[in-house]
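Accompanying notes for the structure given below.
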Amino acid sequence: MKLRNLIYILLLGMAAMLWSCANIGSPSGGPRDYTPPVVLKSNPAPRSVNFKGKKVTIQFDEIVAIKDQQKKVVISPAQKEPATIRSLGRTVEVIFNEDLIPNTTYTIDFSDAIEDNNEGNRLDGYCFSFATGESIDTMSVSGMVLRACDLEPMQHVMVGLHSNLDDSAFTKQQFERISRTNDKGEFTVQGVKPGKYHIFALNDMDGNYRMSRSEDYAFLDEIVVPSVREFTSQDTTFTFDHRVDTVVTATHTEYLPNDILLSMFNERYTPLYLKKAERVSRNRLFVLFSAPNQLPELNILSPANHADDWYVMERREGNDSIVYWLTDSVLLKADSINVDMRYMKMDSLENVVAVNDTIVFQVRRTNAEIKAEREAQKEREDIEKEREKLIKRREKLVASGKDVTEIDLDIKALAQRERAQREVLQLTPKKTDQLDVTDTIQFALNAPIANITQSAIRLERMQKDSTWMRVKAEMRLINELNPLNYMIQANLKPEEQYRLHFDSAAVCNVYGVANDSVTYKFKVKSLDEYGYVILHVNSGDSAFVELLDANENVIRHERVTDGTVRFENLIPAEYYARLVIDTNGNDRWDAGNYAEHRQPEEVYYYPYADKLRVRKSWGREETWDIYATPLNQQKPDRIRKNKPERRRDSLERRETKNADEEEDEFGSNAFGRNTYSGNKYRDYQNGAR
């Protein structure tokens, strides 16, 4: 009996074990792999000399992939025939498609293009080098490239060296040593031999390793002399009871310079030529140049019997875009206008010369426009026929002594139908209802104005007893360049209500079209709705500050006066500040010019974004030392556009951090052992080392 019970128990146990083994479960998978690929071996070995082959193979400890090799991987010296770079399982191959230069150091800078195939962990800053001669060059120079106008880090642009110190080398010869910036704008040019160099940055759009004036570039006026120095550091270990256990002294090698700052810009060079000359409508001729130009001279050849003052000009500052509003009836009726135009253009030697062209301005109407014109003409004819019929019917009714009330209503309805067909001058306010205290009442018109009857325009302010009192006001042109934008010049007061009335025909354009009677109402906000920002800066007075919104649109622009800049009556919001050292005093930022050895004007950002948050009836007064924060760390991260790529492993690690903690994507310091300050060429902050 006992044996039977024991067998029964054993059978139950075995059944339970079999059931548990049959259950399907999910494997844990183990901890997340954060380790980048590791190089096991290569052929040739790193820093080999006397290499005679055409193929480099590098073997890793896991399957790898090469990401974005076109913009990240760079071989120095530059290859006329691009090398073939590919990943094959755990191996990366580089096959050169041209003969290697004798007695030359080659570097293959992968940046962070190599990553493991499964987790995407990147091998950051990997560079492979070898030499075709007896020795290998090991020096390097490092730094950062920022866009000069807004301090954005320039990602994946080329940085090159020339030992030829002539100015023409940048435009006529390929770089001798090259590298690319990473996604933080940092660079290291490796495999450099001792000597003197000029260094440049280039967004090489045509791929010829030489600067053309239409490309973004940067240059350093100083000569770069690579050097090396050794320094020591000490690391102390302690026992469990906090006593010194061991002091370890280590020797380090540092390649200099490693703090070069290159300010990249585009000099906005464009060959000067006539891009377009056309008749965009029956009453407008349009002329467009490729770049700012002198005003062209237009001499009408036909039709000949036109008035001397045959146009009103609308143009952009710089005269690259010009609209001629035709005002002469002969020209308006002509389907074709022949013009002899004299203008400036660039010849094949890049000299600006005057040329004459005969241009035909032809009316080009679409089928829809022709159809609409025909329909409008038919409507006018139908209205005229209907009016004649109604008038004859009314005359008969009057002659017979009958009631004409119904026929008069028909005539009135016909008049309204005719008015709907009649063209009316549109006065479109740019702002309605609410006005800020800094606003003026502005209007956009649909054609140039010939006459304004100021007495027929009334601006009135509401009194406390709800009556309206007329206020002195005048309608005038805002800018001589644009004949379509007008403003009402008046002294508007905060917290007041206004109404603006235009009598019928108060404004008439050059085609005899007038406005209908219209009234607009406005209310000016209270001063309590605004805040202010006052900044005390150490830039000197040859500077201006732009107050920016979150999209870097310029909200206000003020010059520095006696070391202070004031922004009053600001709408509550979060603002950012950008300061420009206005070297030539033209009140705008100017790019540099390599031929003139002129650097772009210096730009600084106020780095403390939270301190420029404006609230109602409240403001901020701050002191701004433009040199206190390294230049590459000045621009607030909230408005920085060229941000580093977010690594997958960094994102997953960040999940373990407190949600309120923020990590600086650019790190606490810049490339190498240095940070970049307001000194545009060298870091002068000794504490950065």
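The set of residues in segment 211-247 being basic (Lys, Arg) and either surrounded by 10 or more Cβ atoms within 10 Å (Cβ to Cβ) or in contact with a strand residue (DSSP E or B) (Cβ under 6 Å, 6 or more places away or on another chain) (or both) consists of 213, 229. Among the residues examined, residue 376 does not qualify as at pLDDT 80 or above, small (Gly, Ala, Ser) and under 30 Å from residue 277 (Cβ atoms).
Can you tell me which residue among 145, 192 is touching a residue at least 12 places away in the same chain (Cβ under 8 Å) and under 18 Å from the mean Cα position of the chain (by Cα)? Answer to the selection: 145.
Okay, residues lined up against (1) among the acidic types (Asp, Glu); (2) modelled with pLDDT under 95; (3) over 17 Å from residue 534 (Cβ atoms); (4) out of contact with any Leu (no Cβ under 6 Å at 6 or more places or on another chain):
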| site | (1), (2), (3), (4) |
| --- | --- |
| 602 | yes, no, yes, yes |
| 607 | no, no, yes, yes |
| 612 | no, yes, no, yes |
| 615 | no, yes, no, yes |
| 618 | no, yes, no, yes |
| 623 | no, no, no, yes |
| 627 | no, no, yes, yes |
| 637 | yes, yes, yes, yes |
| 643 | no, yes, yes, yes |
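Out of all the residues in segment 76-135, which are touching a Leu at 6+ places or on another chain (Cβ under 9 Å) and more than 23 Å from residue 184 (Cα to Cα)? Hits for segment 76-135 are 90, 106, 132.
As for segment 323-343, it holds no residue that is touching a residue at least 60 places away in the same chain (Cβ under 8 Å) and of a type in the set (Lys, Arg). If the condition is being loosely packed, with under 15 Cβ neighbours inside 10 Å, within 30 Å of residue 576 (Cα to Cα) and of a type outside the set (Lys, Arg), then segment 492-548 contributes 495, 526, 527, 528, 534, 536, 538, 540, 541, 542. If only residues of segment 592-646 that are among the aliphatic types (A, V, I, L, M) and touching a residue at least 60 places away in the same chain (Cβ under 8 Å) are counted, the one that is nearest to residue 544 (Cα to Cα) is 603. Does residue 477 satisfy the condition of being farther than 18 Å from residue 429 by Cβ, under 42 Å from the mean Cα position of the chain (by Cα) and not charged (D, E, K, R)? Judged against the criteria, residue 477 is not a match.
Total residues in segment 141-189 satisfying the condition of being in a strand (DSSP E or B) and hydroxyl-bearing (Ser, Thr, Tyr): the figure is 3.
Pull up segment 272-310, narrow it to residues that are polar (S, T, N, Q) and over 25 Å from residue 351 (Cα atoms), then point me to the one that is surrounded by the fewest Cβ atoms within 10 Å (Cβ to Cβ). Among them, the one singled out is 305. Please name all residue pairs, on different chains or six or more residues apart, with Cβ atoms under 7 Å, provided the first residue is in segment 241-258 and is closer than 27 Å to residue 227 by Cα and in contact (Cβ under 8 Å) with a residue 24 or more places away in the chain and the second residue is of a type outside the set (Asp, Glu) and exposed (fewer than 10 other Cβ atoms within 10 Å of the Cβ). Short answer, once both residue conditions are applied: 254/229; 256/229.
Only one of the numbered conditions (1) touching a Phe, Trp or Tyr at 6+ places or on another chain (Cβ under 6 Å); (2) part of a loop (DSSP other than H, G, I, E, B) is not met by residue 305, and that is (1). Inside segment 323-338, residues that are in a strand (DSSP E or B) and buried (at least 20 other Cβ atoms within 10 Å of the Cβ) make up a count of 5.
Scanning segment 601-641 for residues that are loosely packed, with under 14 Cβ neighbours inside 10 Å, within 18 Å of residue 536 (Cβ to Cβ) and polar (S, T, N, Q) returns a single hit, 623.
Taking the residues in segment 199-226 that are among the small types (Gly, Ala, Ser) and at pLDDT 95 or above as candidates, determine which candidate is farthest from residue 249 (Cα to Cα). Ranking the qualifying residues of segment 199-226, first place goes to 218. The strands (runs of 3 or more DSSP E) found wholly in segment 203-288 and carrying at least 1 residues that are more than 24 Å from residue 159 (Cβ to Cβ) occupy 227-238, 244-256, 274-281. Assess whether residue 316 counts as being closer than 29 Å to residue 445 by Cα, out of contact with any Cys (no Cβ under 6 Å at 6 or more places or on another chain), touching a residue at least 12 places away in the same chain (Cβ under 8 Å) and surrounded by 11 or more Cβ atoms within 10 Å (Cβ to Cβ). Judged against the criteria, residue 316 is a match. Taking the conditions (1) touching a Lys or Arg at 6+ places or on another chain (Cβ under 8 Å); (2) part of a loop (DSSP other than H, G, I, E, B) in turn, residue 590 satisfies each one other than (1).
The values are calculated or read from the model by the stated rules, or taken from the named source; none is laboratory data. Here the structure is a predicted model, which is why all the values come from computation and not from measurement. Because the Cβ atoms are built from the backbone with ideal geometry, glycine has one as well, and the counts that use them run over all protein chains shown.
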